[in-house]
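Q: A single structure is presented below for examination.
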Amino acid sequence: MRTVLIQTDTAVAADLKPGETATFGRGSDDVPVDIVVADRAVSRLAGRIQAVEDYWLISNLSARRTYVIENPEGGGEFVKVPPLRMGMPVPFEISRVILPAEHGTTGFLVFAPEHVFGTAETVSSSSSGAATQGVFPLDRSAKYFLVLVALCEARLHDPSSTVVPTVPQLIERLEGHELTRSGVNFHIDYLARTKLRVKQPDGSGKADWQRAALINLALRFDLVTDADLRLLP
């Protein structure tokens, strides 16, 4: 039987079979909870988690606080759970539930069962008609891809990071690859104009808009993942 595992900083707090639920919050003598989040800013009964096959649902029982569920394995992926939102499905295999706390944030991890994926053979290759046009044709052995990975590195390590590396920082990070300022600028412009075709936001006067747009697009569509970090020095 596949289960949903809930883990705090110190121990496994709950192991839920499909259909089972667990409550979380600060708790008290008259309001017991399954997962204790010991922070004075967290409601006594803050929320509820329900296991459903290979995913889970979360209910925000707070009337004022929004919760965030972050994918620690993703490129900045997260979803927000507004106050009193009931039974919201969570799509991540591994999730970090983040609650506003007295000093910053607090929370816990939720591990869902491994998701089920089909295979390429599931779709028939004998279909007639024009071939599907490819998008984002990236060569992972090219130097421009190395620049793209270096751009995304900070966000891959910390999805909440707002760091947009400067050109000098990219040159320093890619030391040994004989990149100059003009070379890095060329690769960034080539990625922005030709490969990923990002567009300048209306009214954006920021000099780093190209780099920021490349990071957002690359991580949104998994064009760069944690596995690509091994390409960096």
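Q: Can you pull out the residues in the stretch 48-71 that are within 30 Å of Leu214 (Cα to Cα), surrounded by 15 or more Cβ atoms within 10 Å (Cβ to Cβ) and not acidic (Asp, Glu)?
A: Tyr67, Val68, Ile69, Asn71
Q: Among the residues of the stretch 127-137, is there at least one that is touching a Leu at 6+ places or on another chain (Cβ under 7 Å), at pLDDT 90 or above, open to solvent by less than 70 Å² (accessible area, probe 1.4 Å) and more than 30 Å from Trp56 (Cα to Cα)?
A: Checking the stretch 127-137: not a single residue is touching a Leu at 6+ places or on another chain (Cβ under 7 Å), at pLDDT 90 or above, open to solvent by less than 70 Å² (accessible area, probe 1.4 Å) and more than 30 Å from Trp56 (Cα to Cα).
Q: Residues that are part of a helix (DSSP H, G or I), modelled with pLDDT under 95 and over 24 Å from the mean Cα position of the chain (by Cα): does the stretch 153-166 have at least one?
A: no
Q: Kindly state which strands (runs of 3 or more DSSP E) lie completely within the stretch 1-107 and contain at least 1 residues that are free of Cβ contacts under 8 Å to residues at least 24 places away in the same chain.
A: In the stretch 1-107, 12-16, 78-81, 94-101 are the strands (runs of 3 or more DSSP E) which contain 1 or more residues that are free of Cβ contacts under 8 Å to residues at least 24 places away in the same chain.
Q: Pairs needed: first member in the stretch 207-233, aromatic (Phe, Trp, Tyr); second member anywhere, open to solvent by 50 Å² or more (accessible area, probe 1.4 Å); C-beta distance under 6 Å; at least 6 residues apart or different chains.
A: Pairs that qualify, where the first residue is aromatic (Phe, Trp, Tyr) and the partner is open to solvent by 50 Å² or more (accessible area, probe 1.4 Å), are Trp209/Gln200.
Q: What pairs come up if the first residue lies in the stretch 136-155 and is β-branched (Val, Ile, Thr), the second is assigned to a helix (DSSP H, G or I) and open to solvent by 20 Å² or more (accessible area, probe 1.4 Å), and their beta carbons are under 8 Å apart, counting only those six or more places apart or on different chains?
A: Filtered contacts from the stretch 136-155: Val147/His187; Val149/Leu229; Val149/Leu231.
Q: Continuing with this model, one more query. Specify the residue that is surrounded by the fewest Cβ atoms within 10 Å (Cβ to Cβ); the eligible residues are those in the stretch 1-24 that are modelled with pLDDT under 95 and in contact with a Lys or Arg (Cβ under 6 Å, 6 or more places away or on another chain).
A: Met1
Q: Further question on the same structure: Inspect all residues belonging to the stretch 160-168 and state whether any of them is exposed (fewer than 11 other Cβ atoms within 10 Å of the Cβ) and of a type in the set (Val, Ile, Thr).
A: yes
Q: Still on this structure, please answer the following. Return the residue satisfying two criteria in turn: it lies in the stretch 25-47 and is of a type in the set (D, E, K, R) and open to solvent by 40 Å² or more (accessible area, probe 1.4 Å), and of such residues it is nearest to Pro113 (Cα to Cα).
A: Asp34
Q: While we're on this one: Can you find, within the stretch 179-233, the residue that is surrounded by the fewest Cβ atoms within 10 Å (Cβ to Cβ) among those that are in a loop (DSSP other than H, G, I, E, B) and under 16 Å from the mean Cα position of the chain (by Cα)?
A: Initial filter on the stretch 179-233 (in a loop (DSSP other than H, G, I, E, B)): 179-180, 196-208, 221-225, 232-233.
Those still in the list that are under 16 Å from the mean Cα position of the chain (by Cα) too: 221-225.
Details: Phe221: 12, Asp222: 10, Leu223: 21, Val224: 26, Thr225: 15.
For the stretch 179-233, the residue satisfying everything is Asp222.
The values are calculated or read from the model by the stated rules, or taken from the named source; none is laboratory data. The shown structure was predicted, so the numbers you read here are calculated from the model rather than taken from an experiment. Note that each Cβ is placed from the backbone with ideal geometry, even for glycine, and that neighbours are counted across all protein chains shown. To get the accessible areas, we keep the full protein, side chains included, count just its heavy atoms, and leave off ligands, DNA and RNA. Shrake-Rupley method; radii C 1.70, N 1.55, O 1.52, S 1.80 Å.
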